[in-house]
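Written below as structure tokens is the structure these notes are about.
The values are calculated or read from the model by the stated rules, or taken from the named source; none is laboratory data. Keep in mind that what you see is a predicted model, and the values were worked out from it rather than measured. Here the Cβ is made from the backbone with ideal geometry for all residues, glycine too, and neighbour counts use every protein chain on show. With ligands, DNA and RNA removed, areas are computed over all heavy atoms of the protein, side chains included. Shrake-Rupley method; radii C 1.70, N 1.55, O 1.52, S 1.80 Å.
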Amino acid sequence: MANADEPRGAWPIRHLTGGTIRLMEFEIASGYNTNIFAGDFVKLVGGGDIELASAGNRLLGVFAGVEWTATDGEKKFSRYWPASTATLGSVNAKAKVYADPNIVFGVQADGSVVQADIGQLADFIATHSGSTTTGRGAEELNSSTGTGPANLQILGKIDDPDNAWGANVNLEVRIYEHEFNEHIDADGTPGV
């Protein structure tokens, strides 16, 4: 049976060291003009705020949700950041992010990935739009794997009877180019 093509961003599965998966809080600037959905990869920018990441960026982690006070004073909680949202007094919104570099994430491949790709590096790709109804993102692992610098490292296939190697396989990955990686080479890539 073929794997279902259901891109849904990344989701935490486990901790590499057996630790507890925890969320960290970061800020989104009031009026930031791009949607960020639960499951989207985010980056750290100047001033300590977060923004939606692009392939090739060093990643901070995976977005989980956000809270802010609307301009009318109402407290808002959402699985996604609506683009260009203004906050009361232009105070930054509080974003929840899975930012621990030891978290293993699940993510669907956009094409075919095979068992021989374990250990390979790949960027993520955003060819689908997230949903403002569910708040869920739609980023995937770019199945064009390689050995050079890339956002993610393939650790294996998620063990599920409905998940097989090949097109649209659900994978376990770790963030390879992580903002908090202790061993960053001069060119910005993680070292050993």
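Miscellaneous remarks
- So Gly18, is it open to solvent by 60 Å² or more (accessible area, probe 1.4 Å) and among the small types (Gly, Ala, Ser): yes
- Residue-level analysis places Leu121 among those that are open to solvent by less than 60 Å² (accessible area, probe 1.4 Å) and not charged (D, E, K, R).
- Restricting the range 160-169 to residues that are touching an Asp or Glu at 6+ places or on another chain (Cβ under 9 Å) and either modelled with pLDDT under 95 or part of a loop (DSSP other than H, G, I, E, B) (or both) leaves a set whose member that is surrounded by the fewest Cβ atoms within 10 Å (Cβ to Cβ) is Trp165.
- Checking each residue of the range 93-106 against the condition of being touching an Asp or Glu at 6+ places or on another chain (Cβ under 9 Å), open to solvent by 50 Å² or more (accessible area, probe 1.4 Å) and not basic (Lys, Arg) gives no match.
- Answer from Gly46, Gly39, Gly56 - the residue that is free of Cβ contacts under 8 Å to residues at least 12 places away in the same chain and either touching an Asp or Glu at 6+ places or on another chain (Cβ under 8 Å) or surrounded by fewer than 18 Cβ atoms within 10 Å (Cβ to Cβ) (or both): Gly46
- Residue satisfying condition, being under 18 Å from the mean Cα position of the chain (by Cα), open to solvent by less than 10 Å² (accessible area, probe 1.4 Å) and of a type in the set (Asp, Glu), within set Glu177, Glu140, Glu172: Glu140
- On the stretch given as the range 96-126, residues that are within 14 Å of the chain's Cα centre (by Cα) and not aliphatic (A, V, I, L, M) total 10.
- When Asp5 is tested against the conditions (1) assigned to a loop (DSSP other than H, G, I, E, B); (2) open to solvent by less than 60 Å² (accessible area, probe 1.4 Å); (3) touching a residue at least 60 places away in the same chain (Cβ under 8 Å), the lone failure is (2).
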